[in-house]
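Notes for the one structure printed next.
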Amino acid sequence: MRIVIAPDKFAGTLSAVEAAEAVAEGWRSVDPGAQTRLLPLSDGGPGFVEVLHTALGGTLHEAQVTGPLGAPVPARYLVSGATAYIESAQACGLHLVPGDRRDPGRTTSRGVGELIARAVADGARSVVVGLGGSSTNDGGAGMLAALGAEPAEALSCGGAALGRLPGAVGLDAAREAVHGVSLVAATDVDNPLLGLHGASAVFGPQKGADDDQVQRLDAALAAFAEATDPGGLRDAPGAGAAGGLGYGMLLVGGAVESGIARVLGAVGLAEDVSAADLVITGEGSFDTQSLRGKLPHGVARAAADQGVPCVVLAGAVGVGRQEAAAAGIAETYSLVESAGSTEAAMSRSAEELRKLAADVARRWSGARTGAAGAAGDSSAE
């Protein structure tokens with residue numbers, strides 16, 4: 001049996017690479033003869049650079065950049081040919097901020113701009129920035145400051161300060177810093193910058209904002225938008241990605257592209273799926289948001305295009321059978337249910353995922369054997 005194993009990360013427990021390895025080990029413990037093709041994936045959030053390095057090769061560059069709270073943090077970016085790939089979460093990710101210090105009014109995206117500047121200085125003619133998993137809500141102001149926007153200090157203080165800017169925002173130097181460079185924001189979030197579906201309202205609570213702060217942050221971003229672009233960029237799909245980092249990239253000539261499409265193309269998923277009998281994907285929480293363009297949905301769509309069944313192994317499953325089937329997913333399996341509790345699923349993620357994959361292998365390998373036997377009986381008649 002030929003199986004493509006193409007999961008996203010299981011947030012907080014397993015990277016995409018670790019998840020893919022656990023699934024493969026579990027499957028092969030039941031079906032040693034199975035041909036498993038491991039394709040760990042990312043939609044632009046944490047794991048973006050690791051996944052692309054596995055698929056494309058290239059050179060990883062180490063850097064120290066300004067973290068979300070202002071202290072230096074280590075980060076890596078990938079250079080493959082003339083293209084650099086950056087993971088914004090490495091510079092301003094939520095995982096870099098302790099739970100008791102999470103405040104999207106203070107966190108800055110400055111480190112992302114520092115990574116872009118480093119990549120351009122290295123000679124990159126295209127810079128792809130994966131957006132996702134951020135702790136920020138500053139509209140990309142910190143990133144712009146690192147590229148030369150003024151007033152740099154005010155722009156680097158986080159989202160709350162954007163409502164108190166001392167004057168006009170100068171973007172000429174930032175635009176010149178990336179002149180001639182193709183700048184891509186890789187995200188599958190289509191939220192605008194402002195309003196009920198904007199960065200503050202949708203993602204602010206995940207980063208520690210209460211209802212009052214969400215309103216203040218949205219007002220601050222509105223003031224920033226007036227100071228930088230009175231036109232329509234604030235309403236562009238993806239402008240609200242990563243706390244408005246998408247908007248900041250649009251201001252300096254960037255374009256928004258699908259992170260999933262970028263990664264699936266890089267790893268050659270369609271070609272591998274066409275030769276497979278089954279596709280396995282997964283993530284930490286498979287819920288209704290997963291069906292609105294997140295990675296498992298993209299994998300399932302690619303499998304459906306080739307007429308290959310796709311199953312999801314997830315930490316938790318919040319999608320019904322009919323909803324999953326409509327998205328091209330044959331079955332869903334929950335790690336929490338198989339492990340018996342959320343605590344067990346979180347504390348023994350790799351072990352429990354191997355066990356779950358072994359159980360799925362028994363079901364699917366048996367079903368395939370039965371189907372082959374039935375076909376053989378029919379031809380004999």
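The values are calculated or read from the model by the stated rules, or taken from the named source; none is laboratory data. Computed from a predicted model, the values in this text were never measured in an experiment. In this analysis, Cβ positions are derived from the backbone assuming ideal geometry, glycine residues included, and neighbour counts consider all displayed protein chains. In case anyone asks, the SASA skips ligands and DNA or RNA and just uses the protein heavy atoms, side chains included. Shrake-Rupley method; radii C 1.70, N 1.55, O 1.52, S 1.80 Å.
Taking label positions 7 Å along the Cα-Cβ direction at both Ala316 and Arg164, the computed distance is 3.7 nm, reported to one decimal.
Here the dipole of the chain is about 280 debye; that uses its Cα centre as origin and unit charges on the Cβ of Lys and Arg (positive) and Asp and Glu (negative).
Accessible area per residue was computed with a 1.4 Å probe on protein heavy atoms; Met1 scores about 40 Å².
Find the relative contact order for the chain and round it to a whole percent, using C-alpha pairs within less than 8 Å whose residues are 6+ positions apart. Dividing the mean separation by the residue count of the chain yields 18 percent. Taking only the Cα atoms of the range 83-135, the ratio Rg/Rh comes out at 1.05, with Rh defined as the Kirkwood radius. Of the residues Val49, Val189, Val178, the one that moves most in a GNM of the chain with alpha-carbon contacts below 10 Å is Val178.
Take 14-21, 150-157, 264-271 and order them by the average number of nearby Cβ atoms within 10 Å per residue, most first; the result is 14-21, 150-157, 264-271. A straight Cα-to-Cα reach below 26 Å connects Lys355 with the lysines Lys9, Lys294, residues fewer than 8 places away in its own chain not being considered.
Quick check for me: using +1 on Lys/Arg Cβ and -1 on Asp/Glu Cβ, what's the dipole size of the range 202-288 about its Cα centre, in debye to the nearest 20?
260
For the range 13-157, the fraction of 1.4 Å probe accessible surface lying on carbon and sulfur atoms is 48 percent.
When DSSP beta bridges are restricted to pairs lying wholly in the range 1-86, around 75% turn out antiparallel.
Radius of gyration (Cα atoms) of the range 89-219, expressed as a multiple of 2.2 N^0.38 Å: 1.04. Against the longest principal axis of the chain, how steep is helix 241-251, in degrees 0 to 90 to the nearest 10, with axes from Cα atoms? Result, in degrees: 60.
For Cα extents along the principal axes in Å, the candidate list reads (i) 63, 51, 38; (ii) 69, 51, 47; (iii) 84, 44, 34; the entry that matches the value derived from this model is (iii). Using the 1.4 Å probe convention, the accessible area of the range 223-303 works out to 32 Å² per residue with neighbouring protein chains retained. Rolling a 1.4 Å probe over the protein heavy atoms gives the range 63-128 an accessible area of 37 Å² per residue.
Over all directions, the projected convex hull of the C-alpha atoms in the range 148-214 averages 5.9 nm² in area.
Tell me which trypsin sites (Lys or Arg not before Pro) from the range 332-366 have a DSSP coil assignment and no more than 16 other beta carbons within 10 Å of their own. Before the final figure, lay out the partial values.
Details: sites: Arg348, Arg354, Lys355, Arg362, Arg363; in loops: Arg348.
When the trypsin sites (Lys or Arg not before Pro) of the range 332-366 are filtered for loop state and at most 16 Cβ neighbours within 10 Å, Arg348 remain.
Look at where the Cα atoms of the range 1-61 and of the range 134-166 average out, and the two centres are 36 Å apart.
Sparsely packed loop sites in the range 290-343 (the trypsin sites (Lys or Arg not before Pro) outside DSSP H, G, I, E and B with at most 14 other Cβ atoms within 10 Å) comprise Arg292. Beta bridges from DSSP with both residues in the chain: antiparallel share about 35 percent, rounded to the nearest 5. Computed extension length for Gln306-Ala261: 14.6 nm, one decimal, from 0.36 nm per residue of separation with the Cα-Cα distance subtracted.
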